[in-house]
Amino acid sequence: MKRIDKEIDLEKLARLARIQISKKDKKRITKDILEIINYFNKINELKIGLSYKFFHQSALENVWREDIPKNFEANAILDQVPNKKGRYLRSPKIG
Amino acid sequence: MRELEVKTLSDMSIKIGLEVHCQLTKLKSKLFCPCSSDYRDKEPNTNICPICMGLPGTLPTLNKEALFYALKVCLALNSEPNKRILFFRKNYYYPDLPKNFQITQYDRGGGVPFSSGGVLKLSSGKEIRIRRMNLEEDPAKIFYEGSITSSRYSLIDYNRAGIALLEIVTEPDMSNPKEAREFLERLKGLLEHLEVSEPDLEGAMRCDANISLMDGTRVEIKNISSFKEVEKALNFEIARQKALISKGIKVKRETRHWDEARRITVSLREKEEEEDYRYFPEPDLVPIAINEEMVKQIILTLPELPEKREKRYVKELGLSETLAKVIAYDRDLMKLFEDSLKYCNLPKKIGSWIVNDILAYLNRKNLTLKDLNLDANKLAKLAEYSEEYKVSDKKLKELLNELISGKKNFLEVLKTLKKEELVQKDEVLRIVDSVIKSNSKALEDYRKNKKVLDYFMGKVMEISKGKIDAKEVRNLLKEKIEEIIK
Amino acid sequence: MKKLYHLPYHELRRKIFDKEIKVKDYAQEILERIKERKDINAFITINEGILEEANLIDNKIKEGEKVGRLAGALIAIKDNICTKGIRTTCASKMLSNYIPPYDATVIERIKIEDALILGKTNMDEFAMGSTTELSYFGPTKNPLDKERVAGGSSGGSGAAVADHQAPLALGADTGGSVRCPASFCGIFGLKPTYGLVSRYGLISYANSLEQIGPMAKSLKDLSLLLSCISGKDERDSTTLPLKDFNFSFEKKGKIAKRVAIIKELVEEGLQRGVRERFYSALEILKDMGIKISELSLKILEYAIPCYYIIAMAEASSNLARYDGLRYGLKLKEGMENFSLYISKIRGEGFGDEVKRRIILGTFILSAGYYEQFYIKAQAIRKIIRKEFDRIFKEYDLIISPTMPSIAYKLGEKSKDPLEMYLGDIETVSANLAGIPALSLPCGYSSNMPVGLQLMGKPLSEGLLLSTAQEFERIRGENFE
Ligand SMILES: [Zn+2]
């Protein structure tokens, strides 16, 4: 199996995953994930046709609920919100 | 002015496609949780539960009715529902997205859209092809403290999060902004007919557009709030791109925002890197298998569709094509029309009133039918009485308009109608008497030649300036003259 | 003298019903035991209302009211199962202050049976680990040897039961997280068939693999707890349409006749002591009249990467919701930009292993790698599932050791992630295939317990339990 090495851009992945990684951890984490990815890559030794007919863990189909509304005590949820203004959640601006 | 602009550039060279998001507002609960689907006018963050807030440990469950509503729309648009539908997660971070992924469908990576293909016809007969439809969850609403530019924070209200949303994507088949607007209006009419949505509710139907000129670069326009704005935004964009092309500047492939206040489209700051949504199948929802039985069941619930209805109005009720088209595609007018016919069998009269008087009035005043104190029963009664009391068309129109505008209430209108008939009868009698008296020579002639009645008729009609019913005058004259010469 | 806390629940239950003991006194005793054994670090949070709740049950019994099947059972709950009003942390800094406003379905179900929530047990952060060392609240120690780990990720639940700090516990098993601590601590632990137990309220790590499972000191207790939590739940679409379970031991159940062992699971990498215990367990099975055959299942070479690829992909999406907006950690600074703020929150709130798995999962699902890793892993999973189906047409059970070794020394595996993953070789297949798997003690090696794993076809929990019970009985006779 061809090793996956240079193509790993940890900064880009961390940005996609929204995880801040300190400069000092960067090297160590890159090394760890490279080792793991190349271990995972072992599965590509196995030559099998890839079926796109999707596998689902559950053998069930057509499970649904009726369209009946129900209320929930919203304040119990708001109690957990770290930053609020009135009943609004406060978020830093996007961009 | 606008017409001119569009025509200077050959229609053939413009391609417009639309991406419409429509809430299934007629549902009682959200798509994946039992919160109410009626989130409007509620205190912020009161219409929420652990599921639609993405609390740890919660799982989505599919609202069966949402699935059926979506299938209804598929069938009405001739869009083929896929046999086995999987929900996919679209992963991206945004404060309005409680789980930081949206549950939707995906047409690659082993997935299929909810439905593929389909067609919606415009009044010209042109067919706009549907590419696909998806059933997905609506994000929350974001507000800003102060203005969007000055505020330091966003404020989020999750009441809307999780509302069932139907995404309808067309092929780029529209060749001018007018067609785009008509497409949206027809689609809106259809969704209303199917009773799955009330697109007039604030934010219930939203639209993005893409446009390319002369097979050039495709530009997307987002943030368009209404159908009127779609037309305006597209017109602006055509003018902008034409100007660029004529100067020899290449049109950039980009996404632009419609700035309603300034009436221009503005380029969005380009993203540093392409968003990678990392779609994969939602493990918490099981596949949906669409079978014949389900489809049959839904077909039974489908109401008569506008196209079919239009044909029936012309063929069976004798409406003109213009009247039939207007009424068949507008749900409110259609309902008023059909309901009125339950009380009286005067389709042509009612149809004409609805389009030529009522709709004209609504358009003039920028109102909707709901604003009027008018129902099918009143309309039908008025039509029937007008037949019975032989009131002049002119007077009748006057009364109808007074009723529409609320100047007179229904009872007053009826009273006037009766009085009008009496007044009219007195007047006719008076004229007939005087004409007979002042034409004794003709009276003698009548004894020999009954055709002289026409002479009297002419006189009476001349004096009354044609305001009265000729048939009635003839009968009355005949009656009076025969009496005298007897 | 044997204390009350030494007793399995079914014995306590008799005493409670005979009004020989009060639930409140028992609870008091348990609380003292927990305090005494604080260094094991089995619990993250203790239910402060437990004595009052115990009182209520005592009153019910005194008044002669009908009580549920778990009356007076003090149950330790893994801290990734949501408990209304009781802090639920997932052993993460991210949720260290989080109080759920709702109960998981399994919690509702045991409460209906008059069980009491004793407290929330330690685990690897977000269930990502096999040792319970990777907890924001410090490692859980093995009660049999405090230099060793309790196993993971349900290590707190395993240690609490083994150390008599709780008679019963709930864990959750994604790739062995119930069975590994059961094996390392010498108790019983079961991963049910996928869809038998509702996941509603279980904080997701890898949705398509995990199930909540019971842990106990006796098979009788284990089957009772399993009966109480099983069955269809409207709030979890993946639960099977089955109701009213009763894995009862009143009658002697049917036991397995033909059993398979799989070469790939018993040959390489087994510790000597574990191998010895395993083969003497096989002798007991033979004594029970069970026919044993050895098979080879080559595809299992790929089971660990296949399992971790799927688990990490799902995890990267499941854990996206932790952004500090709706719940969880709060930072004072950095509020000027959304992406920056949540990256900081997530950088601070998650531990190293969680970050590693999220980043790996993000990579696996990213454009260009999705097919090579995610789709490929799903294809392998399909093959594994088919192979198991095929085997279960001929054999009633597959047996193996639960873990390739006895409990690791603290720090032995947690420093090298890959080495830790490899320890899951025996357990992950059951999760990939969605089949039930039971771990039961089968002896000691270097004074540490060794676990035996029984796997059966979907919904064969009854067969696993009755075979295990018979095994226990014969082993007991031999021992005496
Ligand atoms: Zn909700």
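The values are calculated or read from the model by the stated rules, or taken from the named source; none is laboratory data. Just so you know, these numbers come straight off a predicted model, no measurement behind them. So basically every Cβ, Gly included, is an ideal-geometry build from the backbone, and we count neighbours across all protein chains shown. SASA here: full protein model, heavy atoms, side chains in, ligands and nucleic acids out. Shrake-Rupley method; radii C 1.70, N 1.55, O 1.52, S 1.80 Å.
Counting Cβ atoms of other protein chains within 10 Å of each Cβ in C:92-105 and taking the mean gives 3. With each label modelled as a point 7 angstrom along the Cα→C-beta vector, the C:GLU268-A:LEU60 pair spans 3.9 nm.
Expressed as a whole percentage, what fraction of the accessible surface of the stretch B:2-297 belongs to carbon and sulfur atoms when a 1.4 Å probe is rolled over the protein heavy atoms? Of the solvent-accessible surface of the stretch B:2-297, carbon and sulfur hold 49 percent.
For the stretch B:2-297, take every pair of Cα atoms, bin their distances at 5 Å starting from 0, and report each bin as a whole percent. Per 5 Å bin, starting at 0, the Cα pair percentages come out as 1, 5, 11, 15, 17, 17, 15, 11, 6, 3, 1, 0. Counting only DSSP beta bridges with both residues in chain C, the antiparallel share comes to about 65 percent. Here the simple spin-label model places points 7 Å from the Cα toward Cβ, and for B:SER352 and C:LYS330 these points are separated by 7.1 nm. Inter-chain Cβ neighbour count for B:84-93, averaged per residue, equals 4 (cutoff 10 Å, partner chain atoms only). Close amide H partners of C:GLY443, meaning residues 5 or more places away or on another chain with modelled amide H under 5 Å apart, are C:VAL450. Computed over protein heavy atoms with a 1.4 Å probe, the carbon and sulfur contribution to the accessible area of the stretch B:425-484 reaches 51%. Among C:388-399, C:308-319, A:15-26, the peptide with the highest mean count of other Cβ atoms within 10 Å heads the list, and the full ranking is C:308-319, C:388-399, A:15-26.
Could you sort B:183-194, C:48-59 so that the peptide with the highest average Cβ count within 10 Å comes first and the rest follow in order?
Descending mean neighbour count gives B:183-194, C:48-59.
Does the protein assembly as shown come out rounded, prolate or oblate, given a ≥ b ≥ c as the square roots of the eigenvalues of its C-alpha gyration tensor, rounded meaning a/c under 1.5 and, failing that, prolate meaning a/b above b/c? The shape class here is prolate.
Modelled label positions at B:TYR361 and B:GLU185, each set 7 Å beyond Cα in the direction of Cβ, lie 2.1 nm from each other. Normalised radius of gyration (Cα atoms, divided by 2.2 N^0.38 Å) for chain C: 0.93. Counting only other chain Cβ atoms within 10 Å of each residue's Cβ, the peptide C:450-460 averages 0. Distance from a point 7 Å along Cα→Cβ of C:ASN97 to each backbone N in the stretch C:342-367: keep the residues under 16 Å and list them by number. Counting only backbone N, you get C:345-346, C:348-350.
Summed over both chains, the area buried between A and B is near 4200 Å², taken from the accessible surface of protein heavy atoms with a 1.4 Å probe. Taking each of B:LYS378/B:LYS418; A:LYS85/C:LYS93; B:LYS26/B:LYS381; B:LYS15/B:LYS308; C:LYS3/C:LYS66 in turn, the alpha-carbon distance tops 21 angstrom for A:LYS85/C:LYS93; B:LYS26/B:LYS381; B:LYS15/B:LYS308; C:LYS3/C:LYS66. The distance linking the stretch B:377-414 with the stretch C:80-94 is 71 Å (Cα centroid to Cα centroid, whole angstrom). The phi-based Karplus calculation (6.51 cos²θ - 1.76 cosθ + 1.60; θ = phi - 60°) puts the 3J(HN,Hα) values of the stretch B:157-173 at 10, 8, 3, 7, 4, x, 4, 5, 10, 9, 9, 10, 10, 9, 6, x, 9 Hz, whole numbers, x for Gly and Pro.
Give me the summed buried accessible area for the C-A pair, 1.4 Å probe, to the nearest 100 Å².
5500 Å²
The 1.4 Å probe gives accessible areas that order B:ARG240, B:ARG84, C:ARG199, largest first, as B:ARG84, B:ARG240, C:ARG199. Here the stretch C:415-443 and the stretch B:326-368 have alpha carbon centers that stand 72 Å from each other. Taking every alpha-carbon pair within the stretch C:298-454, the share separated by more than 22 Å comes to 56 percent. Considering every alpha-carbon pair of the stretch C:96-159, the percent of pairs per 10 Å bin, from zero through the bin containing the longest distance, is 22, 39, 32, 7. For B:GLU136, the solvent-accessible surface computed with a 1.4 Å probe is close to 10 Å², ligands and nucleic acids excluded. Chains C and B together bury roughly 2900 Å² of accessible area, counting both sides, with a 1.4 Å probe on protein heavy atoms only. Checking the Cα-Cα distances for A:LYS70/C:LYS111; B:LYS296/C:LYS191; A:LYS23/B:LYS222; A:LYS70/C:LYS355; B:LYS90/C:LYS298; C:LYS217/C:LYS286 against a 32 Å cut-off, the pairs over it are B:LYS296/C:LYS191; A:LYS23/B:LYS222; A:LYS70/C:LYS355; B:LYS90/C:LYS298.
With Cα atoms as the point set, the stretch B:425-484 shows a radius of gyration and Dmax of 10.4, 30 Å.
For chain B, the longest principal axis of the C-alpha atoms and the axis of helix B:306-317 are separated by about 10°. Would you please state which residues of the stretch C:150-181 a label at C:GLU48 would reach in this model, taking the label point 7 Å out along Cα→Cβ and a backbone N cut-off of under 15 Å? None, by backbone N distance to the label point. Excluding ligands, DNA and RNA, the accessible surface per residue across the protein assembly as shown is 42 Å² with a 1.4 Å probe. Counting 0.36 nm for each residue step from C:LEU295 to C:LYS382 and taking away their Cα separation leaves a gain of 29.4 nm.
Over the stretch C:339-378, with every protein chain in place, what whole percent of the accessible area is carbon and sulfur at 1.4 Å, could you tell me? With neighbouring chains kept in place, the figure for the stretch C:339-378 is 50 percent.
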